[in-house]
Amino acid sequence: MRQLIRNVRIFDGTGSDPVPGAVLIEGDRIAAVLPADTDVEADSVIDGQGGTLMPGMVDAHTHLTWGSSVEKIYHQFILPPEELKVAAWRNARVLLDHGYTSLYSAGALGDQIEPELARAIEAGETPGPRLVPSTLERSPEGEEGVETGDVFNGRGPEAMRGFVAYCAAEGVKSLKLVISGEDALKPGSSGDILYTDEEMLAAGEAAKEAGLWIATHAYSPRAITLALEAGARILYHCSFADDAAIDAMAAKKDAIFYAPGPGVSVAALEASPPPHIDMSSMKASAAERLELEKALVPKLKARGVRILPGGDYGFPFNPHGRNARDLEHFVTYYGFTPAEALSAATMLGGQLMGQQVGQVKPGYLADLLLIDGDPAKDVRIMQDANHIKMIMLGGRLYKSPAEQPVTA
């Protein structure tokens, strides 16, 4: 099937200004990007009515099992298994509704949920974006070198290899390793190192052999070094990086991605919890991280490190569906231009996914959005799903424009 989208301004994902044009789609891929006045034969024609045609967005730090969304807020973090699955399925659909056509998971609260969801989405059994699935976020327990027998918490290199093997068998594509502590939950723990050098290297070797990726929760310089030495694909947070850590990340800029995650920090600072909820530690940590990242992120950007949006959405104060706020945060806190922030969410996100997504380019998958307005000038437009007039995933219309002229 040949589809033509015309009368649009095309933001191709690279960060260049939108230009008038048309796009021809054959099957699930973009066949050609054409001049605005092109008249070609097609089975259907979509009139973009002067809107912006752009790639679908990618969230680089997704927790689908963190249950809260703009449609349903959960005031408890841990949900019963069945409700956890319902929430994950719902959140995948909510993110697609808000223009996210690809997600890179940063870990789950339940085992096997995301591989099952990824298979269901691919089979067309439930709506959702393309998904790189993960499993439970792994953090160790017990004394160093003591095997606990738990695939998710065991100590020692062999336990790490066992965890990777388990992930591979379950259909996980990216495993999540928590290397640093978390000040928001345990004040002063961001400098804690939870894994030994040997454990991290064993995980890295096993993941490489199994063809899996590694995502890492890393705050301190030592945690960043361990993540890089293990061959991590994406590093989250990194707020306390020093000059040596910046140099190390820059040296691996062609192999890694970095997602600072401002969304949860800003939302924590904005939150007004009821009296029985104490968010003081979370707010203090958020303020410190944001201040550090204001200096850190521009340094890494200047060194060519690929920096992506994705901000720990899924808390009741930071629900799924508000993910596009990260684009505004990139502009406000990190000094990105709107077009750079949009490119980070599309082209760079596509590179993270390892698929031909994130650009309006011949040969790429037709994951496309039609926007009423110009988000390359004002990314805040992307926070309102009403501005998204069309959502296309692999050439299939998930959301159709209100008026869609069709020709035979």
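Observations
- Within the range 157-203, the residues that satisfy the criterion of being in contact with a strand residue (DSSP E or B) (Cβ under 7 Å, 6 or more places away or on another chain) and part of a helix (DSSP H, G or I) are F163, V164, C167, A203.
- Screening the range 297-408 for strands (runs of 3 or more DSSP E) wholly inside it with 3 or more residues that are open to solvent by 40 Å² or more (accessible area, probe 1.4 Å) returns the ranges 396-399.
- The residues listed here are V360, V331; of these, the one that is out of contact with any strand residue (DSSP E or B) (no Cβ under 8 Å at 6 or more places or on another chain) and of a type in the set (A, V, I, L, M) is V331.
- Hey, F152 of a type in the set (F, W, Y), open to solvent by less than 20 Å² (accessible area, probe 1.4 Å) and either touching a Phe, Trp or Tyr at 6+ places or on another chain (Cβ under 8 Å) or at pLDDT 85 or above (or both) or not: no
- Scan of the range 29-75 for residues that are open to solvent by 10 Å² or more (accessible area, probe 1.4 Å) and of a type in the set (D, E, K, R), ordered by number: R29, D37, D39, E41, D43, D47, E71, K72
- Among the numbered conditions (1) closer than 25 Å to L131 by Cβ; (2) surrounded by fewer than 19 Cβ atoms within 10 Å (Cβ to Cβ); (3) modelled with pLDDT of 95 or more; (4) not charged (D, E, K, R), the only one that Q112 does not meet is (3).
- Residue match in the range 178-198 (condition: surrounded by 24 or more Cβ atoms within 10 Å (Cβ to Cβ) and either at pLDDT 95 or above or hydrophobic (A, V, I, L, M, F, W, C) (or both)): yes
- Reported count of residues in the range 115-144, each being in contact with a Pro (Cβ under 9 Å, 6 or more places away or on another chain) and at pLDDT below 90, is 1.
- In the set P157, P129, P133, P81, only one residue is open to solvent by 10 Å² or more (accessible area, probe 1.4 Å), within 26 Å of L235 (Cα to Cα) and not β-branched (V, I, T); that residue is P157.
The values are calculated or read from the model by the stated rules, or taken from the named source; none is laboratory data. Note that the coordinates shown come from a computational prediction; the quantities given were computed from them, not determined experimentally. Cβ sites come from the backbone with ideal geometry, for glycine too, and all protein chains shown count toward neighbours. Heavy atoms of the whole protein, side chains included, go into the accessibility calculation; ligands, DNA and RNA do not. Shrake-Rupley method; radii C 1.70, N 1.55, O 1.52, S 1.80 Å.
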